[in-house]
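So the structure is just underneath, and the comments pick up after that.
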Amino acid sequence: MPPKQPQLPDPAHHDVDSMLSRKFGREIANYFSGSPLNRVSFLRAKHDFISSALVHPTTKFMLFNDLAPLAKDPSTIAYATHKDIVGLIGENPFEKTEEQMIKEYNSSITLPLVLFLGLDERNKSGFEHGIYTGTPFFAVDITPRGSVEKEANGVIEAMKSKGYTFLQGRTAMNLNAPEGTSSTSFVVV
């Protein structure tokens, strides 16, 4: 018997008429991945958006150690909060403009990779920016290296003390359908 197909969320933009919806039908915001996240790629360069999304109380951070995702168990991804990782990434690495960051760049300082993944618009009481509302999701590489090795190890130990683990290898993951629909597309980003 083939595995049961996951139940995808209702379309995020069921009332939007676009070329994609005309060709493929009413769909969730991200047509090709099955992810409920709206990537809002056009807002990523806007510092007020990305800076406020990073520190919002509803924001979820998916942590990776040597590309191994943090998980509660092999079927459930674990998420961190801003408070959990502030010692590693700083209060808000996006508060500076790109020009400021380039001017102040020092190659002897290791900067953790922080990547905005998108907004889960199913949570209408979360973060708001213009017409967009939802839970912001970020991916953060917390691999201990360079000048942030100590801080990264601190985050890793804090996550392990909560009972979480970093899943090694793709085959170790056995995500539940709702988790897999949203989280495996994060990993592919």
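We did not get these values from a lab; they are worked out from the coordinates using the rules stated. Keep in mind it's a predicted model, so treat the numbers as computed, not measured. Cβ placement follows ideal geometry from the backbone for every residue including glycine, while neighbour counts extend to all protein chains displayed.
Among Glu121, Glu95, which comes first, second and so on when ranked by fewest other beta-carbon atoms within 10 Å?
Sorted ascending by nearby Cβ count, the order is Glu95, Glu121.
How much length, in nm to one decimal, is gained on full extension between Thr133 and Asp66, taken as 0.36 nm per residue of separation minus their Cα-Cα distance?
Here the answer is 21.0 nm.
If I stretch the segment between Val86 and His56 completely, what's the gain in nm (0.36 nm per residue apart, minus their alpha carbon distance), one decimal?
So the extension gain works out to 9.5 nm.
With a point put 7 Å past each Cα toward its Cβ, work out how far Ser75 is from Lys46 in nm, to one decimal.
4.0
What whole number of Å gives the distance from the Cα centroid of the range 86-120 to the Cα centroid of the range 46-80?
15
Would you mind computing, in nm to one decimal, how far apart the modelled labels at Arg145 and Ser125 are, each placed 7 Å from Cα along Cα→Cβ?
About 4.1 nm separates the two model spin labels.
For the range 39-188, what's the relative contact order in percent, using C-alpha pairs closer than 8 Å and at least 6 residues apart?
32
What is the total of Lys pairs in the range 39-188 with C-alpha atoms under 19 Å apart, excluding same-chain pairs fewer than 8 positions apart?
Counting lysine pairs in the range 39-188 gives 15.
If r is the Cβ-Cβ distance from Lys96 to Lys162 and R0 is 30 Å, what FRET efficiency results, to the nearest 0.05?
Efficiency computed from Cβ-Cβ geometry: 0.45.
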